[in-house]
Amino acid sequence: MSRKYRVAIFASGSGSNAETITKYFENHPSIIISLFLTNNAEAGVIKRGKKLGVPTMVFSKKNFAERDDVIKVLENMHIDFVVLAGFLWLIPESLIKAYPNKIVNIHPALLPKYGGKGMWGHHVHEAVVANKETESGITIHFVNEHYDEGETIFQAKCEVTSSDTPEDVAKKVQVLEHQHFPKVIENTLLNL
Ligand code: GAR
């Protein structure tokens, strides 16, 4: 049997991207979603993992930032590639070193605008509307030691109208995320 790339997805919240990605790769010849990880014991992604049959690990700040527990789990499970899908903690240098150019993140705006610490989820869409932007979108990028600063892999745009609320923008952005993120992961991983 040919080798399969094993992917782990980190998520802090609902996990709709984690679910969409997992469904996209069901029966994929060379990529399998092997593990969900979360820092939040209440996160919706845990329920989704159960439903989808993906093992899910909850970890603490200590496991993540001060010890190499999470890296050990990834290595023991032979994880080849890491996806951040709504994961809100900064990635420690040790994890970036263990997976050089093999960690990608999705951000719900057109970076470098509306990135950095504290800019996540609804905060981003509120700022976009407050600044009367006429467009927003998604950025998929490699992860480095700084929030939202790694090399951009892909961007897609949506229109923001003067009557759009932050919730409206969130919906448009989510459509783009679900449409593009799985394919960008596939292309990035198969071209490593
Ligand atoms: C997504 O919109 C993602 O772009 C965003 O969190 C949401 C997670 O949704 N990520 C960030 O804001 C990171 N800075 P989901 O849990 O339904 O996949």
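Converting phi to 3J(HN,Hα) with the Karplus coefficients 6.51, -1.76 and 1.60 and the offset θ = phi - 60°, segment 45-53 yields 4, 5, 4, 5, x, 4, 4, 8, x Hz in sequence order, with x at every glycine or proline. Ordering Val45, Val73, Val7 by the number of other Cβ atoms within 10 Å of each residue's own Cβ, fewest first, gives Val73, Val7, Val45. Look at the alpha carbon pairs under 8 Å that are at least 6 residues apart: their mean separation over the length of the chain gives a relative contact order of 19 percent. Local charge sum around Val129 (other residues, Cβ-Cβ under 10 Å, Lys/Arg +1, Asp/Glu -1)? Cβ neighbours under 10 Å give a net charge of -4.
Computed from backbone phi with θ = phi - 60° and the Karplus coefficients 6.51, -1.76 and 1.60, the 3J(HN,Hα) list for segment 133-146 is 5, 9, 8, 9, x, 10, 10, 10, 9, 5, 9, 10, 6, 10 Hz; x is used for glycine and proline. For Asn40, nonlocal amide neighbours, meaning residues 5 or more places apart or on other chains whose placed amide H falls under 5 Å from its own, are Phe59.
Note that segment 125-132 has calculated 3J(HN,Hα) couplings of 5, 5, 5, 4, 5, 4, 8, 6 Hz, one per residue in order, obtained from phi through the Karplus relation 6.51 cos²θ - 1.76 cosθ + 1.60 (θ = phi - 60°); glycine and proline are x. Note on the chain: with a GNM built from Cα contacts shorter than 10 Å, the maximum mean-square fluctuation among Asn39, Asn105, Asn131 falls on Asn131.
With N the number of residues in segment 1-137, Rg(Cα) / (2.2 N^0.38 Å) evaluates to 1.10.
Which percentage, to the nearest 5, of the DSSP beta bridges contained in the chain is antiparallel? Provide the component values of the computation, followed by the final result.
Values: 11 of 27 bridges.
Percentage antiparallel, nearest 5: 40.
Shown for Thr152, Thr165: other C-beta atoms within 10 Å of each C-beta, ranked fewest to most, produce the order Thr165, Thr152. Residues Tyr114, Tyr24 in ascending order of nearby Cβ atoms (within 10 Å, fewest first): Tyr24, Tyr114. Charge tally for Lys183 (other residues, Cβ to Cβ under 14 Å; Lys, Arg +1; Asp, Glu -1): -1. Gly118 sits among other residues whose Cβ lies under 12 Å from its own Cβ, and their net charge, with Lys and Arg +1 and Asp and Glu -1, is -1.
Under a cut-off of 24 Å between alpha-carbon atoms, report the lysines in cross-link reach of Lys62, not counting same-chain residues fewer than 8 places apart. Correct list for Lys62: Lys47, Lys72, Lys97, Lys102, Lys117. Here's the list of aspartates and glutamates a cross-link from Lys132 could span, going by alpha-carbon distance under 19 Å and ignoring same-chain residues fewer than 8 apart: Glu159, Asp164, Glu167, Asp168.
Readers should treat all values here as calculations from the given coordinates under stated rules, not as data from a laboratory. Remember, predicted model here, so these are calculated numbers, not experimental data. Reconstructed Cβ throughout: ideal geometry from the backbone, glycine too, with neighbour counts over all protein chains shown.
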